[in-house]
Every structure is written in structure tokens, then in C-alpha cells.
Amino acid sequence: MSVKLSRRRALGMLGGAASGALAFPSLSFAERRAGRVVVIGGGFGGATAARYLKRRNPLIDVTLIEPAKRFYTCPFTNLHFGGLRSFEQQGHDFADLRRAGIRVVHELATEVDLASRRVRIASGPWFAYDRLVASPGIDFRWGALAGYDEAAAQLAPHAWKAGAQTKLLKQQLEAMPDGGVFVMSIPGNPYRCPPGPYERASMVAHYLKTHKPKSKILLLDAKDAFSKQPLFQDAWAKLYPGLIEWVPLAKDGKVTRVDAKNLEVETEFGQKHKAAVLNVVPPQKAGLIAELSGLTDASGWVPVKADTFESTQQPGIHVVGDATNAAPMPKSGFCANSQAKVAAAAIVASLAGREAPKPTYVNTCYSLIAPDYGISVAGVYTAADGKLVEVPNSGGVSPRQASDDFRKLEARYGEGWYRAITQDTWGTRS
Amino acid sequence: MKTNRNFPAARALGVLIGSIATLACAPAAHAQQRDASVLAGACFNCHGTDGRSPGSIVSIAGRPELELATKLKAFKSEPPPAGTTIMNRIARGYSDADLEALAAYFSGIKAASAAPRAKVKGDGK
Ligand SMILES: Cc1cc2nc3c(=O)[nH]c(=O)nc-3n(C[C@H](O)[C@H](O)[C@H](O)COP(=O)(O)OP(=O)(O)OC[C@H]3O[C@@H](n4cnc5c(N)ncnc54)[C@H](O)[C@@H]3O)c2cc1C
């Protein structure tokens, strides 16, 4: 094939590339040079990285390592607690990623050999890479909160990773007697999905209001302020008056001990609270494989370069999503997807010997407070002087004064967002 | 299609040439370039991949470039156009040149067809 591709031909290829179905001419020379990328984790960040690497250069050999055959998203599990969605609606499989030419291996990555650039999976084999992407999400700091370990989570679920824990909390909520107290322990920053606990409280309130109206929700918080706080509190006062009590750090909201057997928690200054259902959102850190691979720093999270999400500690390894310290970007599925696309573009450029394009990242978190009541927070970010920064004057939260129609529209758009991002990430229709 | 040096076709061509042939001359050092396909990636999360929406948020693929550019820039006005819920907060994160590059990018993609994506071949013009 000649280098002098006509403009028409190039545009034709572009159209094909944009549809994700471009049949490339077979080029064994180019194939050898295109490179191998291994991706650890098939959640929001990893699945997006794998898809967009292939989309940008179909000649790159992409392997995605993810133990789950079906990935259940955390986003919208709160709607499941509200009775608005089934658990199965949260699930996404990997068939479309396979169709895109990605090798999907359903196993756990157990070791990264930094010197010889290869990843080992649980059953033994190694996968060599030229570039590695890791999006392992979070792991919990078991024991950092006294009394809360994996066994305790079987009695007082976290439901902060979707799966069996989600089902358990849903069962407990349904079995809870009318008049019981649903207690949630909320950690300090940073943690996965800053508005998540408050959306959960809203959706649980929606369920209780309709099914168990004598019940109450108690939020014990290790912080004095939270994401979209005025919007949540306005809505709670309007929709769920007297149902949700929020106790901030300054009013002894910080839980310091959990007694899962007795469904009881103790706060900093010794107050005890008894729950009918106890939901503990534990302190968190980067997914274990990041720690084992020498990617994390003393904070427990992975420091990355602002323009490519390449690890500052291990060259050739890009880490995206919740595992990173990407402040001011929050830990959200939207951010993980957005970071993965920028990292994929940077990797494709670097494998072809070109400079990475200028990065732009976006976040939006919709929160549903009632079926017709949605709110959002958005942000646009870029790299400046080697740091991630929010573009001045961009982003922000929904207006505090807004009509019922506005809240209803945002509830609808939130659902539109879920359909779009899950299709973009896993190729599934939900 | 209008010529635009930021149009992704040029980048796509660059990718191809880069991977097909060893270029004799090394590219000169320069500041990181804007790439409309990178800008557009985040829009997909609401408007659907390639701007073809599977849900309640409007599709933007294949719409006239001028219409998209005008609407995008209008979101930056204060107050934003009636009925705006979020695009004002997003559009303010981009320069007018970025928004024009985005308008060109999405107008250059064919609007959604009924056929499933995997079966659409040679879908470009
Ligand atoms: C209740 C709740 C509500 C939320 N709502 C929203 C929302 O509305 N919007 C939003 O944008 N975000 C939301 N989030 C946040 C969102 O879930 C996370 O930010 C997102 O999942 C992060 O993506 P990730 O790729 O970093 O991690 P994940 O999506 O968790 O993916 C990590 C994957 O890596 C795999 N993995 C880990 N270790 C290994 C290994 N060693 N080998 C192989 N695979 C491995 C795991 O199995 C997992 O599948 C919510 C979170 C919660 C808890």
C-alpha cells in the first residue's frame, strides 16, 4: 500500500473508523510494529480503554483481563434500592468487546513483571505487553474502621462494589420492619462516587416512604460537607420531610467502631447507634494489583501524569479510574471512561512514535432523588503545567432554584446518560 | 466536507501513515495538538458513541456543522437558551475553536441507521 493515500480514501477510512467497523488491509509489517497492550480490569475504565485502543488502531493487539463474565455497574444500583430497576439491568457482558477484536480473558491478574513487561493471570500464563493499562477500581481498607472486615460485611453490607453485596443490602432493606432505622456510615474523602451515599439515602427514602413510612434514615458522616449538599437537602426537605437525618463530623458523625453482630456503631465521642439495617461505606484505596505492582504512593492511590494518565512511578503503565489520585476529578464511572479515552489516544500515539494529543476530560454525575427528580454536577478538566485542573468557569451543579420540569428533565437525562455510557463502554444495550 | 486542519481525517491519516511506513523525517517538536476525536470522546457518554444516542439525550451525529457550532456557542451565553439543563456548564469548558472543531467532527459522522453497528461496513462517505 502506498503512503500517498488519497484524501477520499482517508475520509472513507475515517467514516469506517468512526463506526468502529473498519476493515483494515492486512499489513504484516505494520502489524508487527503496532504493539501489544494488556488491560487489567473490565470496568468503566478498562473496558473503555480496550475499546478505544482498538478503535484508534485496529492493528494493536489488545488483551483485556477481567475475572467477571458479566460486569455489574455501581451506577444505578441505588435505583435498584429505590425499587426502580432490577438487579439484572445492572449487568453488562463482554461479547461486543470480543466482536471488536479484543481478546477477553476472564481471570484475575495476579502479578505484573515490570522488568520484562508481562502480566500473569491466576491460572499461570503470562501476557507480554508494550504498554499496560490498569483500571482495577477500589479495594477496601479492611480493619481501618475498627470491627469492619470482610466477615462483618456479610452482616452489615457495604454494597460499594456491585454484586452479591448489592443483593444482600436489598434483601435486608426489604426484610426491615416498618419503624426500623436504616443507618449508613459514610467515610471521609476521597472515596468512590462522592454523591453516591446521598443518592442512596434518597432512593432508600423513596422506598421507605412508599413501603415502610414509619422508618427513618440516619446518615453518620466523617465529613462536614458533601457533594451537591444544598440540592440534596432542599430535595429531602421537600420530598422526605423528617425522614433523613444527616449528622456531620462536627456533630459527632464519624463512626469509629462497628459491631456488625449487634448492628450497632459507635462514633468518635462514644455515642452508640442501633440499626435495623446497617450500611457501612468503608475507607478505600486503589485496587490491590496497583499496590502489588508498585504503582501506589503513601496515600494508597496511584499518582499519574496529568496529560496521559501514565504512572509517574512506572513508565509504560497507564492507570485510570478510581485507582488514581486524579483530584480535582472525582472517582466516577464517567471520569474513568473519559480518562481511558485520553490514555488510549496517548498510547496509540506513543506506539506510533507521535506525541500525545492535548487532553480534555469531562465528568458528570447525575443523582436521582425521586423518580422525577434528578440533579447533576459537571466538570471539564485539562492539564496545565503538569497538573490536572478544572477549566475555569466550566462545570458546576444544577441551579438551586429550578422548576419541577427542570428536575424531571435531569431525571430523564440521567437515564439517557446510563444508556449512552454503558453502550459506549461495553457495547451493551440497556 | 469542509477542509479543517483539525479535522480527525488528518489525524486518522497520520495514524495510518505512522503505522504503515517509517517516516524519513522526524516530526518537529511542538505543543500538544488539539485532536477533535479526543475532545469528542467525552460527549459520547451522553450523546451516544459517535453522537448516535441510544436514549433520551439528543443525537448530534450528521447534523449540519453550522447548526451544531451555533448551538454549542450559544450554550456559553448568560442566560443560556431556554430549556438548557447542563450544556451551559459543559460548553463553558471549551474555547470557540474547540467547539467549532467538535461541530465539524460530529457533522462529519453519518447519522444513526437502523442496522446494528457491527453490520455497517464502509459506512464513511
Ligand atoms: C452506589 C454507587 C453509585 C455510583 N453512581 C455513579 C454514577 O451515577 N455515575 C458515575 O459516573 N459513577 C458512579 N459511581 C462510581 C463508579 O462506579 C466508579 O467510579 C467506576 O466503577 C470506576 O471505574 P474503574 O474502572 O476505576 O473501576 P471498576 O468499574 O470498579 O472496574 C474495576 C474492574 O477491575 C477488575 N479488577 C480488579 N483487580 C483486578 C485484577 N487483579 N485482575 C483483573 N481484573 C481486576 C474488577 O473485577 C472490576 O471489574 C457509583 C459508585 C457507587 C458505589
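The values are calculated or read from the model by the stated rules, or taken from the named source; none is laboratory data. Quick caveat: nothing in here was measured; it's all calculated off a predicted structure. Using ideal geometry, Cβ is built from the backbone for each residue, glycine included, and neighbour counts are taken over all protein chains shown. These area figures cover heavy atoms from the full protein model, side chains too; ligands, DNA and RNA do not enter into them. Shrake-Rupley method; radii C 1.70, N 1.55, O 1.52, S 1.80 Å.
Odds and ends about this structure:
- Considering the range A:333-354, the residues that are in contact (Cβ under 8 Å) with a residue 60 or more places away in the chain and open to solvent by 10 Å² or more (accessible area, probe 1.4 Å) include one that is nearest to the ligand (Cβ to nearest atom), namely A:G333.
- Taking the listed residues A:L218, A:L292, A:L249, the one that is of a type in the set (A, V, I, L, M), surrounded by fewer than 21 Cβ atoms within 10 Å (Cβ to Cβ), within 26 Å of the chain's Cα centre (by Cα) and within 16 Å of the ligand (Cβ to nearest atom) is A:L292, with no other qualifying.
- Among (1) open to solvent by less than 10 Å² (accessible area, probe 1.4 Å); (2) modelled with pLDDT under 95; (3) not charged (D, E, K, R) - the single one B:I17 does not satisfy: (1)
- Cross-chain or 6+ apart pairs with Cβ under 8 Å, the range A:355-371 first and in the same structural domain as A:L239 (by TED's automatic domain parsing), then more than 16 Å from the ligand (Cβ to nearest atom): none
- Within the set A:A383, A:A298, the sole residue that is at pLDDT 95 or above, outside any helix (DSSP H, G or I) and touching an Asp or Glu at 6+ places or on another chain (Cβ under 7 Å) turns out to be A:A383.
- Those residues of the range A:159-174 which are in a loop (DSSP other than H, G, I, E, B) and in contact with a helix residue (DSSP H, G or I) (Cβ under 6 Å, 6 or more places away or on another chain), in sequence order: A:A159, A:A162
- Residues that are at the interface with chain B (Cβ under 7 Å from one of its Cβ atoms) and within 19 Å of A:Q339 (Cα to Cα), drawn from the range A:385-418: A:V391, A:S394, A:G395, A:W417
- Residue in the range A:355-380 that is nearest to the other protein chains (Cβ to nearest Cβ), counting only those that are out of contact with any Phe, Trp or Tyr (no Cβ under 8 Å at 6 or more places or on another chain) and in a strand (DSSP E or B): A:A378
- Residue check, A:R98 crowded, with 17+ Cβ neighbours inside 10 Å and without any contact (Cβ under 8 Å) to a residue 24 or more places away in the chain: no
- Scope the range A:101-153; condition part of a loop (DSSP other than H, G, I, E, B), open to solvent by less than 50 Å² (accessible area, probe 1.4 Å) and within 12 Å of the ligand (Cβ to nearest atom); matching residues: A:H106, A:E107, A:S135, A:P136, A:G137
- So A:V247, is it touching a His at 6+ places or on another chain (Cβ under 6 Å) and at pLDDT 95 or above: no
- First in the range A:410-429 and closer than 29 Å to A:A235 by Cβ and in contact (Cβ under 8 Å) with a residue 40 or more places away in the chain, second anywhere and in a loop (DSSP other than H, G, I, E, B) and acidic (D, E), Cβ under 9 Å, 6 or more apart: A:A411/A:D372
- Selection from the range A:373-384 of residues that are over 20 Å from A:Q229 (Cα atoms), open to solvent by less than 20 Å² (accessible area, probe 1.4 Å) and in contact with a Lys or Arg (Cβ under 9 Å, 6 or more places away or on another chain): A:V380
- Output for the range A:385-426, where each listed residue is under 18 Å from the mean Cα position of the chain (by Cα) and either of a type in the set (A, V, I, L, M, F, W, C) or open to solvent by less than 20 Å² (accessible area, probe 1.4 Å) (or both): A:G414, A:G416, A:W417, A:Y418, A:A420, A:I421, A:T422, A:D424, A:T425, A:W426
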